[in-house]
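What follows is a single structure, written as structure tokens, with notes after it.
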Amino acid sequence: MKQLVRRTIEQYDMIPDGARVLCGLSGGADSVSLLLCLHELGYDVCACHLNHGLRGAQADADEAFCRALCERLGIPFYAETCDANAAAEQQKQSVETAARALRYAFFGRCAQDCGAARIATAHTADDNLETMLFHLIRGTGSAGLAGIPPVRGNIIRPLIAVERQQVEGYLTRRGQDWRTDATNLDDSCTRNRIRHNVIPALRDIEPAAARHAAQAAALLRQDNDCLDALAQVGGTSVSAARLREMPEALASRAVRDMLTRAGTPMGEVGQRQIAAVLALARKKSGTASLPGRRRALRRGDEIRIEPMPPETGQVGLVPEQQVQFGAYIVCITRKIQDIHSSFKFYPIAYDTINTVCLYVRRWRPDDRMTLPGARGARSLKRLYAERGIPPEQRDTLPVLCCGEDIVAAAGIGVDSRYCGTTGAFAFTRSADGWKKERS
């Protein structure tokens with residue numbers, strides 16, 4: 001196995017002469033064999049272990065095992081604990097995606113601390129085959145079928161040509177044990193079912209399945225590299241006209257390029273999200289929700305990827321008191337003459353409102369209101385569109401409610417049931433004072 005790893009390192013020019021390598025060490029067979037192999041080959045290695053805070057005492061035992069192994073080998077060791085569940089909730093991501101982001105961020109910090117030029121992860125030929133099959137059943141394009149790249153930036157995979165049975169044989173011959181993560185045995189996880197059921201069946205048909213898959217992935221990566229270079233847009237936005245004119249193979253890659261540059265978690269992006277962004281090129285306006293609290297929006301001829309606006313919940317209102325609602329300051333008042341000039345306001349029938357039930361919120365897809373002189377209720381979505389308010393602004397505008405009723409909507413006006421002149425609903429995006437200055 002060592003010679004295969006050596007050839008892989010040389011083939012892909014993974015490690016510069018004299019460079020230090022940081023190994024991600026989980027305690028599993030793959031990462032333990034990676035560390036031992038690089039150490040035996042004479043590379044300057046250090047190791048790091050991230051406890052994701054997901055498996056309690058088992059995770060603590062994994063860390064202790066890794067620490068003891070590195071102490072025995074005289075290898076510098078770094079460890080840290082995080083809360084992957086909390087990160088997933090905060091970022092609106094799956095726990096797996098959040099844990100991966102935390103792990104690679106930790107690797108980056110450790111590499112800087114120990115002066116490592118490369119970060120080695122223990123992905124094997126079996127992992128590559130699993131990844132290709134996993135992407136295949138999700139309906140991936142050729143990028144997904146290209147599997148795990150041997151090198152990505154300063155991340156290297158020296159075991160990418162090694163099969164798992166070779167890893168375990170290497171460790172067994174050295175009398176080196178390893179840790180087994182119980183979650184890897186749970187077949188409720190798609191990847192585990194592929195690992196335990198599909199890959200053994202493929203090996204029964206073709207024993208060299210993993211090696212042949214690696215060869216196919218290498219050819220696909222060559223094609224993808226060429227097409228990706230042609231499709232790059234160089235930023236997080238693109239002209240809708242340019243996207244329409246591109247061949248479909250390039251257009252989908254252009255979208256992926258934008259999503260990647262915008263920091264979208266690409267592991268959660270599938271063909272459905274790509275198609276939703278491409279569809280904006282054929283519309284006059286619109287938005288598409290994306291993973292990682294990102295969205296695509298069409299404005300004029302531009303399609304751009306940006307973060308979702310901050311979520312603003314329901315905010316209660318007390319008459320004559322200003323409240324903050326997202327980027328807005330809002331108030332309901334009887335004293336129209338005292339409204340500051342920086343505020344826009346709509347006159348309302350103050351006396352008809354139950355002020356105990358007043359609040360502001362964002363609009364909802366099922367919201368409807370009846371404007372003065374209209375024959376019936378219409379959706380806020382249509383009313384926003386008629387007034388030329390782009391989708392990205394609608395989500396920030398305050399809607400004034402009394403119980404379940406909409407009283408008024410910023411950018412639209414007042415519902416016919418609450419028209420009057422005995423008070424006002426006022427709002428502004430600035431932080432200017434409420435009262436007019438009096439001389």
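The angle between the Cα long axis of helix 164-173 and the longest principal axis of the Cα atoms of the chain comes to about 50 degrees, rounded to the nearest 10.
All other residues whose Cβ lies under 12 angstrom from that of S237 are scored, Lys and Arg at +1 and Asp and Glu at -1, for a net of +1.
Summing charges over neighbours of W363, with a neighbour being any other residue whose Cβ is under 12 Å away from its Cβ, gives +4 when K and R count +1 and D and E count -1. If you average the sequence gap of Cα pairs under 8 Å that are 6 or more apart and divide by the length of region 234-363, what percent do you get for the contact order? Relative contact order here is 20 percent. Charging the Cβ of each Asp and Glu at -1 and of each Lys and Arg at +1, and nothing else, the dipole of region 118-231 about its Cα centre rounds to 260 debye.
Here the label points at R361 and I389, each 7 Å from Cα along the C-beta direction, are separated by 1.6 nm in the simple model. Each Cα pair under 8 Å and six or more residues apart adds its separation to the average, and for the chain the resulting relative contact order is 12 percent. Computed over neighbours whose Cβ is under 13 Å from that of G56, the net charge equals -4, Lys and Arg +1, Asp and Glu -1. Short-range pairs are left out: with C-alpha atoms under 8 Å and at least six residues apart, the relative contact order of region 123-169 is 51 percent. Give me D for the chain in µm² s⁻¹, whole number, from Stokes-Einstein with Rh from the Kirkwood sum over alpha-carbon pairs, 20 °C and 1.002 mPa s. In µm²/s, the coefficient is 82. Report the FRET efficiency, 1/(1 + (r/R0)^6), for T421 and E96, where r is their Cβ-Cβ distance and R0 is 56 Å, rounded to 0.05. Computed FRET efficiency for T421 and E96 comes out at 0.45. In terms of its alpha-carbon gyration tensor, region 76-185 comes out rounded; the largest-to-smallest axis ratio a/c stays below the 1.5 threshold.
The number of Lys pairs in the chain with C-alpha atoms less than 27 Å apart, excluding pairs fewer than 8 positions apart on the same chain, is 9. Between S239 and Q176, the contour length at 0.36 nm per residue exceeds the alpha carbon distance by 17.0 nm. Less than 5 angstrom separates the built amide H of R294 from those of M308, all sequence-distant by 5 or more or on a different chain.
Going by the alpha-carbon gyration tensor, a ≥ b ≥ c the square roots of its eigenvalues, is region 287-419 rounded (a/c under 1.5) or, if a/c is not under 1.5, prolate (a/b greater than b/c) versus oblate? Prolate is the answer for region 287-419, as a/c is 1.5 or above and a/b outweighs b/c. Once the GluC sites (Glu not before Pro) in DSSP loops with at most 16 neighbouring Cβ atoms within 10 Å are cut out of the chain, the longest remaining piece is 1-310. In this calculation the C-beta distance from R72 to D113 is compared with R0 = 22 Å, giving a FRET efficiency of 0.50. Compute the helix-to-body angle for 209-231: its Cα long axis versus the longest principal axis of the chain, expressed 0 to 90° and rounded to tens. Long axis of 209-231 versus the principal axis of the chain: about 40 degrees.
What is the list of residues in region 1-31 whose amide nitrogen lies under 17 Å from a point 7 angstrom out from the Cα of R211, following Cα to Cβ? From region 1-31, the list is 1-9. Taking the 1.4 Å solvent-accessible surface of the chain as the whole, the part contributed by carbon and sulfur is 49%. For A19 and S342, a Förster radius of 56 Å and the Cβ-Cβ distance give a FRET efficiency of 0.40, rounded to the nearest 0.05.
The values are calculated or read from the model by the stated rules, or taken from the named source; none is laboratory data. The structure displayed is predicted, hence computed values, not measured ones. Using ideal geometry, Cβ is built from the backbone for each residue, glycine included, and neighbour counts are taken over all protein chains shown. Only protein heavy atoms, including side chains, enter the accessible area calculation; ligands, DNA and RNA are left aside. Shrake-Rupley method; radii C 1.70, N 1.55, O 1.52, S 1.80 Å.
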